[in-house]
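For reference, the structure is listed below as structure tokens.
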Amino acid sequence: MPSLLSKRPEFAVDAIPVAQGAPSEVIRAQSIDWNVPVDAFLVDAARAGRRYAALVYGDRSGMNQDGMTIATPPLEYVEAKSGFKLMRSVSGEDYYVITSELNI
């Protein structure tokens, strides 16, 4: 008799690539089509002028590990979707999604 543990699933689900242990708002923001390549997702972003200090997740450059605190370059607002903000660096080279913001 075959083991129930070896039974193959009857359906397949495409997984969305997400950072393991990422906050739920990052997972939700990653599922949105932003129409641009998002360089990183920012959590608990605190604004200082045109820059933000935030916890970073999904950094495409690979320079920052998930959960590290970073300072962004100067950013400008692009659009909002589902309560998240897409931001672009003033240079136009990088895109960030702010998933949550601190009001300090």
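Scanning the range 40-57 for residues that are surrounded by 19 or more Cβ atoms within 10 Å (Cβ to Cβ) and either assigned to a loop (DSSP other than H, G, I, E, B) or not hydroxyl-bearing (Ser, Thr, Tyr) (or both) gives Ala40, Phe41, Leu42, Val43, Ala45, Ala54, Leu55, Val56. Taken together, the residues in the range 11-39 that are part of a loop (DSSP other than H, G, I, E, B), within 22 Å of Thr69 (Cβ to Cβ) and either touching a Lys or Arg at 6+ places or on another chain (Cβ under 6 Å) or at pLDDT 95 or above (or both) amount to 2.
Pro37 passes all but one of (1) closer than 17 Å to Met87 by Cα; (2) surrounded by 12 or more Cβ atoms within 10 Å (Cβ to Cβ); which number fails? Here Pro37 clears every test but (2).
Of all residues in the range 58-79, which are among the small types (Gly, Ala, Ser) and either assigned to a strand (DSSP E or B) or closer than 15 Å to Pro23 by Cβ (or both)? Full working, then the answer.
First pass over the range 58-79, keeping only residues among the small types (Gly, Ala, Ser): 58, 61-62, 67, 71.
Within the range 58-79, Gly58, Gly67, Ala71 qualify.
When the range 75-88 is filtered for residues that are in contact with a strand residue (DSSP E or B) (Cβ under 6 Å, 6 or more places away or on another chain) and surrounded by 13 or more Cβ atoms within 10 Å (Cβ to Cβ), the ones remaining, listed by number, are Leu75, Val78, Phe84, Lys85, Leu86, Met87, Arg88.
The values are calculated or read from the model by the stated rules, or taken from the named source; none is laboratory data. Predicted model, so just to flag it, every value in this text is computed and none were measured. Heads up, the Cβs are rebuilt from the backbone with ideal geometry, glycines too, and the neighbour counts pull from every protein chain shown.
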